[in-house]
Amino acid sequence: MQRRQLRHHIKDAYAALRAEAEWKRLIAHGNGDQVAEAAFNLGFQLASRHDISGARAAYSTAIKSGHPEFAPRAARALVFC
């Protein structure tokens with residue numbers, strides 16, 4: 001792998017970790033809309049990394065929020081975990 005590609009992959013990995021940390025912060029301290037969206041996004045991120053138990057927990061948080069957009073989307077995504 002070329003050095004430039006490697007730097008690009010490392011940069012993407014750090015961006016994903018920063019996003020995950022921000023979503024977790026919003027879930028813990030955000031308002032209803034922020035919590036629902038952050039939980040859904042975190043679930044999607046974790047599912048893409050094959051962290052099924054983490055994805056299920058995040059999707060469940062989004063579902064429990066009752067948000068009109070993210071709760072149903074999380075319920076559909078949960079079926080595939």
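The values are calculated or read from the model by the stated rules, or taken from the named source; none is laboratory data. Quick caveat: nothing in here was measured; it's all calculated off a predicted structure. Methodologically, a virtual Cβ is constructed for each residue, glycine included, from the backbone with ideal geometry; neighbour enumeration extends over all protein chains shown.
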Single condition residue 81 does not satisfy, out of (1) crowded, with 20+ Cβ neighbours inside 10 Å; (2) assigned to a loop (DSSP other than H, G, I, E, B): (1)
Enumeration of residues in the stretch 1-51 that are among the aliphatic types (A, V, I, L, M), at pLDDT 95 or above and surrounded by fewer than 12 Cβ atoms within 10 Å (Cβ to Cβ): 21, 28
Residue under evaluation residue 67, criteria (1) crowded, with 16+ Cβ neighbours inside 10 Å; (2) assigned to a helix (DSSP H, G or I), criterion not met: (2)
Test: residue in the stretch 37-49 that is part of a helix (DSSP H, G or I), over 17 Å from residue 75 (Cβ atoms) and either over 10 Å from the mean Cα position of the chain (by Cα) or small (Gly, Ala, Ser) (or both): yes
Unique match (being assigned to a helix (DSSP H, G or I) and more than 13 Å from the chain's Cα centre (by Cα)) among 34, 5: 5
